1. Take the residues of segment 132-159 that are of a type outside the set (Phe, Trp, Tyr) and open to solvent by 80 Å² or more (accessible area, probe 1.4 Å): which is modelled with the highest pLDDT?
2. List the residue pairs whose Cβ atoms are under 6 Å apart, where the first residue sits in segment 95-107 and is polar (S, T, N, Q), the second is modelled with pLDDT of 80 or more, and the two are 6 or more positions apart or on different chains.
3. If a residue must be assigned to a helix (DSSP H, G or I) and either exposed (fewer than 12 other Cβ atoms within 10 Å of the Cβ) or not aromatic (Phe, Trp, Tyr) (or both), how many such residues does segment 12-44 contain?
4. Out of segment 91-100, which residues are within 13 Å of the chain's Cα centre (by Cα) and open to solvent by 20 Å² or more (accessible area, probe 1.4 Å)?
5. Select from segment 44-102 the residues that are of a type in the set (Ser, Thr, Tyr) and more than 14 Å from Met19 (Cβ to Cβ) and list them in ascending order.
6. Could you list all residues from segment 54-85 that are open to solvent by 20 Å² or more (accessible area, probe 1.4 Å), closer than 21 Å to Ile11 by Cβ and over 12 Å from the mean Cα position of the chain (by Cα)?
7. Yes or no: segment 120-131 includes at least one residue that is open to solvent by 20 Å² or more (accessible area, probe 1.4 Å), under 28 Å from Ile10 (Cβ atoms) and of a type outside the set (D, E, K, R).
8. Hey, among the residues in segment 51-89 that are of a type in the set (Gly, Ala, Ser) and assigned to a helix (DSSP H, G or I), which one's farthest from Asn174 (Cα to Cα)?
Amino acid sequence: MTEQNDTKQIIAEGFKNLMSKKPFAKITISDITTESGFNRQTFYYHFHDKYDLLNWIFYNEAITPFVDGLSFDNWSSKLLTMLNTIKDDSRFYQNALQTSYGDEFREYVQSVSSNVFSEIIEDIAGHGGVSEDDKRFIAEFFSFGIVGTILKWVKTGMRESPQVITAHIENLVNDCKRLAISRYLNS
């Protein structure tokens, strides 16, 4: 890890520590620099504001591990990894998703998951039988459902384990896949 990333990580850890104690809206740059042991100039050298810092944390801790190498074959294990990351820092993610950035996080994860479902649908339907508009609609439908499930899980205190949530989603996807294949073969 570079010195710049080390500094960013220290600032991020200080910020996450603060967010486990108080709401995002009440955290100031001064709070973050005091908690992380850096001055304001160092903070602003690495981040534009606390939203930029929040984005960096989401991207580096939850999103990047999810999308790196994401495929049809590994999407459920990648999802489980992301949910475990969120669960491990539950107070931070609960607080963070209540900010205005929560919408950006939702939209980004929906976009990524929609692409994965597009691949699944393409794999099942091939190039015939399902229009491009229908494929896009189905992919978006599943994406909204999964992201909505994740957000509800976070907002309601993550009572179920990440394994249970992942298993429910995986079972639903596999059941729909089997139904789609049988419908496609019978038509």
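The values are calculated or read from the model by the stated rules, or taken from the named source; none is laboratory data. Model, not experiment: these values are computed from the prediction. Here Cβ is always computed from backbone atoms with ideal geometry, including for glycine, and neighbour counts include all displayed protein chains. For accessibility, only protein heavy atoms count, side chains too; no ligands or nucleic acids. Shrake-Rupley method; radii C 1.70, N 1.55, O 1.52, S 1.80 Å.
1. Of the residues in segment 132-159, the ones of a type outside the set (Phe, Trp, Tyr) are 132-136, 138-140, 143, 145-152, 154-159.
Adding the requirement that they be open to solvent by 80 Å² or more (accessible area, probe 1.4 Å) leaves 132-134, 136, 152, 155, 159.
Values: Glu132: 81, Asp133: 86, Asp134: 83, Arg136: 84, Lys152: 92, Lys155: 89, Arg159: 95.
Looking at the filtered set, the residue picked out is Arg159.
2. That search, which allows pairs on different chains as well, returns Asn95/Met19; Asn95/Phe24; Thr99/Phe24.
3. Initially, segment 12-44 is screened for residues assigned to a helix (DSSP H, G or I), giving 12-19, 24-26, 29-36, 40-44.
Okay, now just the ones that are also either exposed (fewer than 12 other Cβ atoms within 10 Å of the Cβ) or not aromatic (Phe, Trp, Tyr) (or both), so 12-14, 16-19, 25-26, 29-36, 40-42.
Result for segment 12-44: 20.
4. The first filter runs over segment 91-100 and keeps only residues within 13 Å of the chain's Cα centre (by Cα), leaving 93-94, 96-97.
Scanning segment 91-100 gives a single hit, Gln94.
5. Answer for segment 44-102, where residues must be of a type in the set (Ser, Thr, Tyr) and more than 14 Å from Met19 (Cβ to Cβ): Tyr44, Tyr45, Tyr59, Thr64, Ser71, Ser76, Ser77, Thr81, Thr85, Ser100.
6. Once the filter is applied, which keeps residues that are open to solvent by 20 Å² or more (accessible area, probe 1.4 Å), closer than 21 Å to Ile11 by Cβ and over 12 Å from the mean Cα position of the chain (by Cα), segment 54-85 yields only Trp56.
7. No, every residue in segment 120-131 fails to be open to solvent by 20 Å² or more (accessible area, probe 1.4 Å), under 28 Å from Ile10 (Cβ atoms) and of a type outside the set (D, E, K, R).
8. The first filter runs over segment 51-89 and keeps only residues of a type in the set (Gly, Ala, Ser), leaving 62, 69, 71, 76-77.
Now restrict to residues that are assigned to a helix (DSSP H, G or I): 62, 76-77.
Details: Ala62: 24, Ser76: 11, Ser77: 14 Å.
Selected residue: Ala62.
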